[in-house]
Amino acid sequence: MRMFALVAVILSLATVSEARPRRHGSTKKRVAVDTPARREITSTKREPTVRNRDRSIGAPWSGRLTAPARLPRGEGYVIRRPARAFGTRDTVDHVHDAVTNTLEAFPKVHVLAIGDLSAESGGQITEHHSHQSGRDADLGLFYKTKPAGYPASFARATEANLDAAATWKLVWELAKTSTEDGGAQIMFLDYNVQGIIYRWAKGHDVSAKRLDRVFQYPNGRDSATGVVRHFPNHDNHVHVRFKCRDRDTSCR
Ligand SMILES: [Zn+2]
């Protein structure tokens, strides 16, 4: 018992020492702010919710959600099923930050498809095993040309069609939260699609250290390395799961 308590203390200390400030706007690179095609980001206002009352209860595959936050509508992205745009405050904020930061850095990309988060009270929803406790989100990818049927449907990514630069930005914006309380726990993306983004990033001055932190690729699709892991049927979107907040004691 005492050993367990010691381990718990060490773990909580580790979490605190790794915690970083949520906001990262000051270091953000501003790209092409003068281009006439620049999209005005009008969605930076967050819907008011009572802070710190949201609760993720149980596990992503057997859980529910109370006092949720809701991903606001915004320019540059389409929430495919608004009734499934609920999550914990962390989930909603991290998704919103990642998407708006990416759209700001890549003002000419096509509209982004936002898939399901959770239902307002969580619980089982069709087409998903998880997404029950407000900690999961499915996000579409960026393509060189907007695929037919997108953003109503996701589109399979290939070396030929993927906009690897914008997709890398989106993946990194999500993955870099993994050191925070309530940040990304794991992300699911097809191994071959990881490879497309990895090769692009490696050729564009992204450090080996950062790539190792983000991707399982090239260590094999069963390797337990990186925030982003292979999962079947994830070659057309990325699934991100966020960690339980320390304060959220019913969250598993
Ligand atoms: Zn999913």
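The values are calculated or read from the model by the stated rules, or taken from the named source; none is laboratory data. On a predicted model such as this, the values are computed, not experimentally measured, just so you know. We place every Cβ from the backbone using ideal geometry, glycine too, and count neighbours over all the protein chains shown.
Listed conditions (1) out of contact with any Cys (no Cβ under 9 Å at 6 or more places or on another chain); (2) under 21 Å from N233 (Cβ atoms); (3) of a type in the set (D, E, K, R) are all met by K108, apart from (2). When each of D181, D190, D163 is tested for being charged (D, E, K, R), under 25 Å from T91 (Cβ atoms) and within 16 Å of the ligand (Cβ to nearest atom), the lone residue that passes is D190. When V206 is tested against (1) β-branched (V, I, T); (2) modelled with pLDDT under 95; (3) under 25 Å from Y143 (Cβ atoms), only condition (2) is not met. Residues that are in contact with a strand residue (DSSP E or B) (Cβ under 6 Å, 6 or more places away or on another chain) and part of a strand (DSSP E or B) occur in segment 115-132; there is at least one.
Mind checking which residues of segment 122-137 are among the acidic types (D, E) and modelled with pLDDT of 95 or more? Give the steps one after another, and end with the answer.
The initial filter retains those residues of segment 122-137 that are among the acidic types (D, E), namely 127, 136.
Across segment 122-137, the qualifying residue is only D136.
Scanning segment 228-252 for residues that are under 16 Å from I196 (Cα atoms) and in a loop (DSSP other than H, G, I, E, B) returns H230, F231, H234, D235, N236, H237.
So, N233, is that one under 26 Å from R64 (Cα atoms) and either within 16 Å of the ligand (Cβ to nearest atom) or over 14 Å from the mean Cα position of the chain (by Cα) (or both) or not?
Details: under 26 Å from R64 (Cα atoms): yes; either within 16 Å of the ligand (Cβ to nearest atom) or over 14 Å from the mean Cα position of the chain (by Cα) (or both): yes.
So N233 fits the description; yes.
Y217 fulfils the conditions (1) buried (at least 20 other Cβ atoms within 10 Å of the Cβ); (2) within 22 Å of P60 (Cα to Cα); (3) away from the ligand (no atom under 13 Å from the Cβ) except for a single criterion, (2).
Just one of the listed residues (G140, G182, G87, G115) is more than 20 Å from N236 (Cβ to Cβ), of a type in the set (G, A, S), in contact with a Leu (Cβ under 8 Å, 6 or more places away or on another chain) and buried (at least 22 other Cβ atoms within 10 Å of the Cβ), namely G87.
When you go through T225, T249 one by one, which is the residue that is more than 28 Å from K146 (Cα to Cα), β-branched (V, I, T) and more than 18 Å from the chain's Cα centre (by Cα)? Outline the logic, then answer.
Values: T225 fails: more than 18 Å from the chain's Cα centre (by Cα).
Testing whether each residue is more than 28 Å from K146 (Cα to Cα), β-branched (V, I, T) and more than 18 Å from the chain's Cα centre (by Cα) leaves just T249.
In this structure, S207 does not satisfy being among the hydroxyl-bearing types (S, T, Y), more than 19 Å from H94 (Cα to Cα), within 16 Å of the ligand (Cβ to nearest atom) and surrounded by fewer than 17 Cβ atoms within 10 Å (Cβ to Cβ).
Comparison of A98, A83, A59, A67 shows that the only residue that is touching a residue at least 40 places away in the same chain (Cβ under 8 Å) and more than 17 Å from T177 (Cβ to Cβ) is A59. Filtered by the rule that a residue be closer than 17 Å to L170 by Cα and either more than 17 Å from the chain's Cα centre (by Cα) or within 16 Å of the ligand (Cβ to nearest atom) (or both), segment 117-144 gives L117, D136, A137, D138, L139, G140, L141, Y143, K144.
A single entry from K146, K169 fulfils the requirement of being surrounded by fewer than 19 Cβ atoms within 10 Å (Cβ to Cβ) and at pLDDT 95 or above: K146.
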